[in-house]
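The values are calculated or read from the model by the stated rules, or taken from the named source; none is laboratory data. Remember, predicted model here, so these are calculated numbers, not experimental data. When we count neighbours, we look across all protein chains shown, and the Cβ atoms used for this are built from the backbone with ideal geometry, even at glycine.
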Amino acid sequence: MHCSAELEQTLYLRGYARVAGLDEAGRGCLFGPVCAAAVIFHPDRRLAGLADSKTLSPERRESLALEIKAAAMAWAVAWATPGEIDRINIREASRLAMRRAVEALHPAPDYLLIDALTLDLPLPQEALIKGDARVEAIGAASILAKTARDARLVELDGQYPGYGLARHKGYGTAEHLEALDRLGPSPLHRRSFAPVRERLQGRLAVVQA
């Protein structure tokens, strides 16, 4: 299912000129930062083929990411670290990364369309369930967030070898869990997530015994 620009067009008719779509990537991972992206399209310049990033092949995501960056009025990618995730929880860290992405947009948006969340920013906004599959600007943001985070995980795979990060991108696959059992958590694993926390506690128990 491809995204629609219908909601953005309605907002333009209501007088808004810079409608930003926002989404995140990596919320369910055991390793690494969560990434958020924000995209503002020109009212009269759209892109065909935008969809929820999870439904697209990696090659199609990469191709669309380049097209989005070229066509957008403004775009930004921002992050929240594993330490921030552990300190404030993944939901709040996702919101933090989204706020950072909004604040990095130039020009600044005058309305926000957000996938499933609201932000404590003084801007009119709307949270949309499955917005990444319905709204063009949110779909574009999901693609930028996903491609940016995948690229970061490929880089981090070189710094933390043995976990298979370039393949599973930090998600809790059987390969990843086996590597956690064998190697223990790295400094960038999310200690507040149960599979990581349980393995840390198990290693601590072995050391104390």
(message) Restricting to the stretch 103-134, name every residue that is crowded, with 24+ Cβ neighbours inside 10 Å and either touching a Lys or Arg at 6+ places or on another chain (Cβ under 8 Å) or modelled with pLDDT under 95 (or both).
(response) Pro109, Asp115, Gly131, Asp132
(request) Kindly establish whether Gly162 is under 19 Å from the mean Cα position of the chain (by Cα), modelled with pLDDT of 95 or more, more than 20 Å from Asp23 (Cβ to Cβ) and outside any helix (DSSP H, G or I). (result) no
(request) Considering each residue of the stretch 166-189, count those that are farther than 15 Å from Pro82 by Cα and either part of a loop (DSSP other than H, G, I, E, B) or not basic (Lys, Arg) (or both), and give that number. (result) 14
(request) Answer yes if at least one residue in the stretch 165-177 is within 30 Å of Pro109 (Cα to Cα), of a type in the set (A, V, I, L, M, F, W, C) and crowded, with 18+ Cβ neighbours inside 10 Å, and no otherwise. (result) no
(message) Can you list the helices (runs of 4 or more DSSP H) lying wholly within the stretch 21-118 that have 1 or more residues being β-branched (Val, Ile, Thr) and free of Cβ contacts under 8 Å to residues at least 40 places away in the same chain?
(response) 82-88
(request) Can you tell me which residue among Arg87, Arg100 is among the basic types (Lys, Arg) and either surrounded by 16 or more Cβ atoms within 10 Å (Cβ to Cβ) or touching a His at 6+ places or on another chain (Cβ under 6 Å) (or both)? (result) Arg100
(message) Being aromatic (Phe, Trp, Tyr) and out of contact with any Phe, Trp or Tyr (no Cβ under 8 Å at 6 or more places or on another chain) is the filter here; which residues of the stretch 11-30 pass it?
(response) Tyr12
(request) For the stretch 143-151, indicate whether the set of residues that are among the small types (Gly, Ala, Ser), surrounded by fewer than 20 Cβ atoms within 10 Å (Cβ to Cβ), closer than 24 Å to Ser63 by Cβ and without any contact (Cβ under 8 Å) to a residue 24 or more places away in the chain is non-empty. (result) yes
(request) For the stretch 127-141, indicate whether the set of residues that are without any contact (Cβ under 8 Å) to a residue 40 or more places away in the chain and part of a helix (DSSP H, G or I) is non-empty. (result) no
(request) Output the number of the condition that Leu204 fails; it satisfies all remaining conditions of (1) part of a helix (DSSP H, G or I); (2) surrounded by fewer than 19 Cβ atoms within 10 Å (Cβ to Cβ); (3) modelled with pLDDT of 95 or more. (result) (3)
(message) Among the residues that make up the stretch 35-57, is at least one of them more than 27 Å from Ala93 (Cα to Cα) and acidic (Asp, Glu)?
(response) yes
(message) Here is a check on your reading of the model: is Lys146 under 12 Å from the mean Cα position of the chain (by Cα) and modelled with pLDDT under 95?
(response) no
(message) Name the single residue that is surrounded by the fewest Cβ atoms within 10 Å (Cβ to Cβ) among those in the stretch 31-68 being more than 26 Å from Ala174 (Cα to Cα) and in contact with a Phe, Trp or Tyr (Cβ under 6 Å, 6 or more places away or on another chain).
(response) Pro43
(message) Could you tell me how many of the residues in the stretch 29-57 are touching a helix residue (DSSP H, G or I) at 6+ places or on another chain (Cβ under 8 Å), under 20 Å from Leu165 (Cα atoms) and modelled with pLDDT of 95 or more?
(response) 7
